[in-house]
Amino acid sequence: MAVAELNPSSSCRRPALYSSLKGSHDVLTRYYNRRSVFLRPAAASRGSNICCSVASNDIPATLAVKIDDPKKKAECYGVFCLTYDLKAEEETQSWKKLINVAVSGAAGMISNHLLFRLASGEVFGPNQPIALKLLGSQRSIQALEGVAMELEDSLFPLLREVSIGIDPYEVFQDAEWALLIGAKPRGPGMERAGLLDINGQIFAEQGKALNAVASRNVKVIVVGNPCNTNALICLKNAPNIPAKNFHALTRLDENRAKCQLALKAGVFYDRVSNVTIWGNHSTTQVPDFLNAKIDGSPVKEVIKDTKWLEEEFTEKVQKRGGVLIQKWGRSSAASTAVSILDAIRSLVTPTPEGDWFSSGVYTSGNPYGIAEDIVFSMPCRSKGDGDYELVKDVVFDDYLWGRIKKTEAELLAEKKCVAHLTGEGVAVCDLPEDTMLPGEM
Ligand SMILES: NC(=O)C1=CN([C@@H]2O[C@H](COP(=O)(O)OP(=O)(O)OC[C@H]3O[C@@H](n4cnc5c(N)ncnc54)[C@H](OP(=O)(O)O)[C@@H]3O)[C@@H](O)[C@H]2O)C=CC1
Ligand SMILES: O=C([O-])CC(=O)C(=O)O
């Protein structure tokens, strides 16, 4: 083992070994190539960022440390900078290779429900160690540190690394999953077009950052609203990442639809399958009861009240978010987090035979005749390899197709509003008046 004092004057040469000492740790122990380096952060004031580098041979011959801008660099947080010998554990416990999961809006409500369950292993599996890379902003950096502290205190065995930062080009480095949650909520008197522009800029920047530094096969789930068009902006700004890898979260809507169908049919929700949400995550979304099943039978054979299906059910799902805001005083956070976990699980585990799941995906060569070059929620199946295929054996009737055209028109109008962010010229924004997010009524 080598023991070294921090040397604030040197520069960092191995970004992978940067450390951020933000806690009150007296001693930082780091294993590198199964050797330990003890860093005694005598020179480190609370809140300083410290990075260290070691020579490329096994024994850290040189140890260079730099105190940096506290808001800039954070490759590990607190206890996650300590003893970490994944390689040895991989050998003894057959753990898989560490995966990097980046989360934006990490100090927000949804993330607060999400991160701890991701870290528990319930989605990626009990043999899958993970690194959480948390993106915040100047606004939220203190809160983000609080999140990281709670993650430390949770002692999750599979959580091997946590880092926090405010620069997407650093936080998204090597990300294999990017869960893009952070976005400005629509405030009183704000036009949807304004929200499209403000949030669109966030997703344009994050698309560029993913394109520059993330894994070439990163899977991106856009949650921040308006999530379909944000996903479109993001993928357009990431030309080196397959457009197919970008998703807009409509799984919450699918879950809400399943719950309402179960309630009406008087069965528990595990009996409901094949539910598609078509289109936009907005009040024009189309919960499809034509192809959905209850106990393996078409919904329309079980629930014979077509008027309820076409009017009450559809509207309930479309506006569920708004009703919830009225009750809670804020938008769905816990159930949204659950639906993000469901969405990931659907991509990393094979879809049960005969079933499918909904996701907002890029409409390139879709078999349904939906307009190309938008992000539209459609039925998908996965082999569990992170990829998906669109389901072909779905049927349409005039009611379903008419609704699909309405939500398609909304997405095409949103796309025109963000042309300046997708590299497609000058934005022309003429949105239908009834365009709303589920949380607005
Ligand atoms: N697709 C879906 O099914 C659902 C989507 N949503 C959407 O998810 C998003 C996050 O929701 P939730 O976690 O509850 O929200 P919170 O308000 O709790 O957190 C949102 C985060 O967004 C970040 N943010 C980015 N830009 C701004 C800005 N200009 N002003 C304020 N905050 C900003 C903030 O983090 P920081 O300062 O670190 O950037 C903040 O922590 C929202 O857009 C919401 O509409 C919600 C429910 C369902
Ligand atoms: O509109 C919102 O912010 C909340 C939302 O998306 C939902 O509840 O589905």
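Only one residue in ASN255, ASN274, ASN280 is surrounded by 18 or more Cβ atoms within 10 Å (Cβ to Cβ), at positive phi and outside the structural domain of LEU179 (by TED's automatic domain parsing). Which one?
Details: ASN255 fails: at positive phi; ASN280 fails: at positive phi.
The match here is ASN274.
Within the range 317-344, take every residue that is of a type in the set (Gly, Ala, Ser), under 20 Å from GLY187 (Cα atoms) and within 11 Å of ligand 2 (Cβ to nearest atom) and give me the one that is surrounded by the most Cβ atoms within 10 Å (Cβ to Cβ).
Start the filter on the range 317-344 by keeping residues that are of a type in the set (Gly, Ala, Ser), which leaves 321-322, 329, 331-335, 337, 339, 343.
After this cut, where a residue has to be under 20 Å from GLY187 (Cα atoms) as well, the list is 321-322, 329, 331-333.
Now narrow it down to the ones that are within 11 Å of ligand 2 (Cβ to nearest atom): 321-322, 331-333.
Working: GLY321: 25, GLY322: 16, SER331: 19, SER332: 21, ALA333: 18.
Result: GLY321.
Within the range 119-156, track down each residue that is in a loop (DSSP other than H, G, I, E, B) and free of Cβ contacts under 8 Å to residues at least 12 places away in the same chain. Spell out how you get there, then give the answer.
Pass one, the range 119-156, residues in a loop (DSSP other than H, G, I, E, B): 121-129, 136-140, 154-156.
Residues satisfying the conditions are ARG139, LEU155.
For VAL220, which of the numbered conditions (1) under 17 Å from GLY105 (Cα atoms); (2) without any contact (Cβ under 8 Å) to a residue 24 or more places away in the chain; (3) away from ligand 2 (no atom under 16 Å from the Cβ); (4) not aromatic (Phe, Trp, Tyr) fails to hold?
(2)
Please work out which one of (1) under 27 Å from GLN142 (Cβ atoms); (2) part of a loop (DSSP other than H, G, I, E, B); (3) more than 14 Å from ligand 1 (Cβ to nearest atom) is the condition ALA178 fails and give its number.
All conditions pass for ALA178, except number (2).
Any idea which residue in the range 175-195 is nearest to ligand 2 (Cβ to nearest atom), counting only those that are under 24 Å from ALA343 (Cα atoms) and at pLDDT below 95?
PRO185
Kindly check whether there is at least one residue in the range 411-421 that is under 26 Å from PRO239 (Cβ atoms) and assigned to a loop (DSSP other than H, G, I, E, B).
The first filter runs over the range 411-421 and keeps only residues under 26 Å from PRO239 (Cβ atoms), leaving 411-421.
Pick out the ones that are also assigned to a loop (DSSP other than H, G, I, E, B) and you get 418.
Among the residues of the range 411-421, at least one is under 26 Å from PRO239 (Cβ atoms) and assigned to a loop (DSSP other than H, G, I, E, B), which makes the answer yes.
Do we have any residue at all in the range 395-417 that's within 16 Å of ligand 2 (Cβ to nearest atom), over 25 Å from ASN274 (Cα atoms) and modelled with pLDDT under 95?
Step one: of the range 395-417, the residues within 16 Å of ligand 2 (Cβ to nearest atom) are 407, 410-411, 414.
Subsequent filtering for residues that are over 25 Å from ASN274 (Cα atoms) retains 414.
Those left that are additionally modelled with pLDDT under 95: none.
Scanning the range 395-417 turns up no residue that is within 16 Å of ligand 2 (Cβ to nearest atom), over 25 Å from ASN274 (Cα atoms) and modelled with pLDDT under 95.
Please determine whether any residue of the range 199-213 is more than 10 Å from ligand 1 (Cβ to nearest atom), in contact with a Gly (Cβ under 8 Å, 6 or more places away or on another chain) and not in a helix (DSSP H, G or I).
Keep residues of the range 199-213 that are more than 10 Å from ligand 1 (Cβ to nearest atom), which gives 200, 203-213.
Now narrow it down to the ones that are in contact with a Gly (Cβ under 8 Å, 6 or more places away or on another chain): 203.
Subset that is not in a helix (DSSP H, G or I): none.
There is no residue in the range 199-213 that is more than 10 Å from ligand 1 (Cβ to nearest atom), in contact with a Gly (Cβ under 8 Å, 6 or more places away or on another chain) and not in a helix (DSSP H, G or I).
The values are calculated or read from the model by the stated rules, or taken from the named source; none is laboratory data. Fair warning: this is a prediction, and the values are worked out from it, not measured in the lab. Glycine gets a Cβ as well: all are built from the backbone with ideal geometry, and neighbour counts include every protein chain shown.
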